[in-house]
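Q: Sharing a structure here in structure tokens format.
The values are calculated or read from the model by the stated rules, or taken from the named source; none is laboratory data. Just so it is clear, the structure is predicted and the values come from calculations on it, not from any experiment. Because the Cβ atoms are built from the backbone with ideal geometry, glycine has one as well, and the counts that use them run over all protein chains shown. To get the accessible areas, we keep the full protein, side chains included, count just its heavy atoms, and leave off ligands, DNA and RNA. Shrake-Rupley method; radii C 1.70, N 1.55, O 1.52, S 1.80 Å.
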Amino acid sequence: MREFPQTYEQEALWIADRFLGDPSPFLETWAQRILGPLDVPALERALAALVARHAVLRSGFGLGDDGPVQSVDPAGTVPLERLPWPGGDLPGGDLRDGEPHHGDLYDTLRRAGQRPLDLTVSPARFTLYDRAPDEHVLLLQIHHVAVDDASLVLLDRELSALYSEETGGAPAGLEPPALLLGEHAVRARAAGIAPADLAFWADFLAGAPALTQLPPRPRPLAARRGSACDTVRTTVPAGLGDAVRAAARALRTTPHVLMSTCMAVTAAAVNSEDVVIGTPVSRRGEPDLDGVFGCLTDLLPVRYRVPADADFAAVCAAAKRRSLDVLRHRNVPYARLGGGVGRTRGVLSGQHLGRICLVLDQSPSRLELPGLRCERVHVGGAAAKFDWLQYVVADGGGWDVRADYALDFFTPDEAALFLRQWLTALAAASADPGVPVRDLFDRLAATA
């Protein structure tokens, strides 16, 4: 075994996880429906090669003499568990988020994704469900200490190449990762956190109010919530997607900033003008991290000012400036903003980031196995990470949208209305970026 300290991101997640019950909100899922003559032994060999490449998949997480550690097992494995399909019939045709007749597929995989993982042994579990001779569902259940969105892109690319090689295709030709995640943790801790970055965050969050109410309507909420969650889905159609991109270009910003500003407007409609929205940031800036599988992403708070007498374009321009400031000072883990990684409230229910987050994926990757059709199944969260965690994933000219929401704070009807309000703001701001915020508030109030 080789022992390393955990990264700052891992340490915060691992400590928070120890205070939580099952299912852990940090359990992630990657699921693929595979149609065609799957070569299961070749898949097993490809998965074994993938695990051999990435040390974090062979690591256990525990407490060492000097704090939380990750212990890499050079000979570790993640076996492929093979099971019959436990749910009802899988739907025919293409899988598309937002279509209600896929409920059995989502529900079955969600239940499977809630099974506990023993982090002292492994952060991952592979399961292959047999639906029919030419129909399978492959599920990776993995703890967030070992994965981020960039890791799933690596998974798609490398598993595609390794399976192709195992079934007689060209050699995968994959370069080994430049360093271990544990080696990066040692390097990051030796570098420390710049005092200037800490000073920025102290100033940036000074006086920021807690978000006491959540859309779609004013309703004071308790500071704490349970872990039970559900998922609501919709789409941004291609026509609106084109309008969003055109408006972002006109405002000299990105679709993510525009969408997040619409989220801030939706939240400000039932709160004060001072709103904090969580946004993902990657800490993969150095080239030797590009091929590393593991958690190198954090969610950091961006502060929005949404005065009713301003227009949307001005609010969005200010949001762009603040987002750039956050990126320049992103090397402070969120847990440190709450006073240290030992404070679990800094991760899950902190004053500034326990409510609403938005994640945009503009370039989703695909698993491509020769002779097979693979369709990603986006499964809802095992438990509530935040009160509202919204994913927006590019799909052609538009986006698929899904949000995991806390059942303590939303009914299904309220969650669906929240998404409709956000879409209302998105459509109005994209059609006319100069629209007054007060008019947007009126349109949100009229949204049914």
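Q: How much solvent-accessible surface does Arg305 expose, in Å² to the nearest 10, with a 1.4 Å probe and all protein chains in place?
A: Accessible area of Arg305: about 100 Å².
Q: Write down the Kirkwood hydrodynamic radius of the chain, to one decimal in angstroms, obtained as one divided by the mean of 1/r over all alpha carbon pairs.
A: 22.8 Å
Q: Provide the per residue accessible area, probe 1.4 Å, for the chain, rounded to a whole number of square angstrom.
A: 40 Å²
Q: Dimensions of segment 34-76 along principal axes (Cα, Å, largest first)?
A: 50, 19, 11
Q: Treating only the Cα positions of segment 144-295 as identical point scatterers, give the base-10 log of I(q)/I(0) from the Debye formula at each q in 0.14 Å⁻¹.
A: Debye curve over Cα of segment 144-295, log10 I(q)/I(0) at q = 0.14 Å⁻¹: -1.14.
Q: Here's something else I'd like to know. Taking the Cα centre as origin and putting +1 on Lys and Arg beta-carbons and -1 on Asp and Glu beta-carbons, what dipole magnitude results for the chain, to the nearest 20 debye?
A: 1140 debye
Q: Under the 0.36 nm per residue contour assumption, what length would be gained going from the current alpha-carbon distance of Val186 and Glu368 to full extension?
A: 62.0 nm
Q: Roughly how many percent of the accessible protein surface of the chain is carbon and sulfur, given a 1.4 Å probe and a whole-percent answer?
A: Here carbon and sulfur together make up 52 percent of the probe-accessible area.
Q: Per residue of the chain, what 222 nm ellipticity follows from adding -39500 (n - 2.57) for every DSSP H run with n ≥ 4, rounded to the nearest 500?
A: It comes out at -11000 deg cm²/dmol, rounded to the nearest 500.
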